[in-house]
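Visitor: This is the structure I have questions about; it appears just below.
Every number here is computed from the coordinates shown, using simple stated rules; none is lab data. As the structure is a computational prediction, the values presented were derived from the model and not from experiment. Glycine also receives a Cβ, built like all others from the backbone with ideal geometry; neighbour counts cover every protein chain displayed.
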Amino acid sequence: MPVTIGGGLTFCGRELKPEELDLIRQITREFSTLSLTELAHTVCELLEWRRPNGGLKSRECYLFLLALHTRGWLPWLSPTPKKLRPRTAVWNELSDAQASRAGSIGDYLPVQLQLLDSSEERRVFRQYIQRYHYLGYKVPYGAQLRYFVRSPKPPCPVLACLLFTSAAWKMAPRDAYIGWSQTARQANLPLVVNHSRFLILPWVRVPNLASHILSLAARQLPRDWLAQRKGARGPQAHLPVSAPPPLAGVLVRSLPISAKECR
């Protein structure tokens, strides 16, 4: 949740000034007939709430306004409740199972990470994750990078999928391990990346492929992440690996982070 109430009102870790809160109250009151999405866009534009790459923090602001309304701070808002429909997975033949890929990793080298930038590739990526990853696909918040892992040898098959997203604002085990202050966390968090999804396609059976992919990602991701932030300067991006219970401890050692550099 991007809002914290207690000891001051904050948005994404940044304490709001009284005049900013007054502006939010004025805009949402005067234009209360607008949708919450439109209000969130407007507030972000007026207060310059942007990501490092220049995009508006509209999604976070939407949740921020909704939280304020729920707590009675913006009682004049009337968020339209969304009608929940049964969610069905949508996929087609593009993500159908393919011929088995087996053998040694040498048969597929040099494995390459392909950064996805076309809508068609992203559509196939979503299908793969929704169809074959046990957590399914959820629309990620904040900055994000998607990769196909391919072998350059014909027919250049897709072997795996990787999704990296902005790190959570607060995560007690991570923050305790790094040992950074609140100021250091605010300054350096954009350089910490969350590994949200890692899927080796189920028809791929290649020993040592997973650790090889992660070692490639550890080298390539920092460059791609900083490039996405459009020239943002700073130390290399750090890639913490946190796995849910069924996968805890798997492959974590291949991607250490340096707590010293984050402080």
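Visitor: In what order do Ile24, Ile129, Ile200 fall by count of nearby beta-carbon atoms within 10 Å, going from fewest to most?
Guide: Ile200, Ile129, Ile24
Visitor: In what order do Val206, Val90, Val43 fall by count of nearby beta-carbon atoms within 10 Å, going from fewest to most?
Guide: By the 10 Å Cβ count, ascending: Val90, Val206, Val43.
Visitor: For an R0 of 35 angstrom, estimate the FRET efficiency from the Cβ-Cβ distance between Tyr177 and Ile105 and round to the nearest 0.05.
Guide: The formula returns an efficiency of 0.65 here.
Visitor: What list of ³J(HN,Hα) couplings, whole Hz, do you get for the range 15-29 from phi and the Karplus terms 6.51, -1.76, 1.60, once you set θ to phi - 60° and write x for glycine and proline?
Guide: Along the range 15-29, the couplings run 6, 7, 7, x, 5, 6, 5, 4, 5, 4, 5, 5, 5, 5, 6 Hz.
Visitor: Another one. Subtract the Cα-Cα distance of Gln220 and Ser118 from 0.36 nm times their separation in residues, and report this length gain in nm to one decimal.
Guide: Length gained between Gln220 and Ser118: 34.8 nm.
Visitor: May I pose another question? Would you mind estimating how fast the range 3-70 diffuses translationally, via Stokes-Einstein at 37 °C and 0.692 mPa s with the Kirkwood radius over Cα pairs, in µm²/s?
Guide: After rounding, the answer is 271 µm²/s.
Visitor: Please list, ordered by chain and number, the residues whose modelled amide H lies under 5 Å from the amide H of Leu159; skip anything fewer than 5 residues away on the same chain.
Guide: Result for Leu159 returns Val149, Arg150, Ser151.
Visitor: Please list, ordered by chain and number, the residues whose modelled amide H lies under 5 Å from the amide H of Ser196; skip anything fewer than 5 residues away on the same chain.
Guide: Leu163, Phe164, Thr165
Visitor: Residues with amide H under 5 Å of Arg101's amide H, sequence separation 5 or more or different chain, H placed in the peptide plane at 1.01 Å from N; which?
Guide: It is Val204, Arg205, by chain and number.
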